[in-house]
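Take a look at the structure set out below.
The values are calculated or read from the model by the stated rules, or taken from the named source; none is laboratory data. Bear in mind the structure is a predicted one, so any value in this text is a computation, not a measurement. Quick reminder, even Gly has a Cβ in these numbers, built from the backbone with ideal geometry, and neighbours come from all protein chains shown.
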Amino acid sequence: MKLILINLLLIGTMAYTSHAQKQETIRVFDIESFMSSYREIRSDTMVYMATQHPATSPEGNMVLNRFVKQYIQKHFKSSIQDKVMVLCSIIIEKNGCISGVHILPTNNTDKGLEGHVKEALFASAPWFPALQDGKRLRYKTYFSVQFP
């Protein structure tokens with residue numbers, strides 16, 4: 001036990017010595033100023049991912065998935081034959097409207113299909129907003145659409 005402790009002390013001393021010889025600069029920053037930037041975030045612009053009652057689609061995700069597929073077939077006259085999944089993050093505002101859709105990168109989608117999915121989600125019905133202690137919040141969730 002003593003031998004191991006001595007070896008650890010020697011290794012730590014050598015590491016400190018070699019670090020000091022390199023003349024590297026150690027940066028020290030003020031944590032108070034760093035954290036103050038987080039205090040300046042207004043609660044009405046904050047996006048939450050965990051709440052007491054998360055935002056939900058009015059008819060559920062299965063119906064929303066079917067709506068997106070039908071919207072693409074109706075408006076873009078395209079039929080997808082390959083098995084493809086489009087994964088996206090969605091921001092739902094306090095009033096239930098979708099304000100942001102970001103398509104997450106996958107290996108099996110084309111950019112045209114991703115754009116169609118975005119447009120279909122923006123055309124979908126408003127969601128039930130997220131609630132925390134009875135207060136409506138902006139909410140971020142993930143949604144996937146699988147074709148065909």
Checklist entry - Under the condition of being modelled with pLDDT under 85 and of a type outside the set (Ser, Thr, Tyr), which residue from the range 106-132 is farthest from Lys74 (Cα to Cα)? => result Asn107
Checklist entry - Does at least one position in the range 128-143 carry a residue that is in a loop (DSSP other than H, G, I, E, B), among the hydrophobic types (A, V, I, L, M, F, W, C) and assigned by TED's automatic domain parsing to the domain that holds His53? => result no
Checklist entry - Would you pick out the residues in the range 54-90 that are small (Gly, Ala, Ser) and either modelled with pLDDT under 90 or more than 21 Å from Lys140 (Cβ to Cβ) (or both)? => result Ser78, Ser79
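Might you let me know whether the range 99-116 holds any residue that is within 16 Å of Thr51 (Cβ to Cβ), in a strand (DSSP E or B) and either touching a residue at least 40 places away in the same chain (Cβ under 8 Å) or of a type in the set (S, T, N, Q) (or both)? It would help to see each step written out before you state the result.
So in the range 99-116, the residues within 16 Å of Thr51 (Cβ to Cβ) come out as none.
No; the residues of the range 99-116 include none that is within 16 Å of Thr51 (Cβ to Cβ), in a strand (DSSP E or B) and either touching a residue at least 40 places away in the same chain (Cβ under 8 Å) or of a type in the set (S, T, N, Q) (or both).
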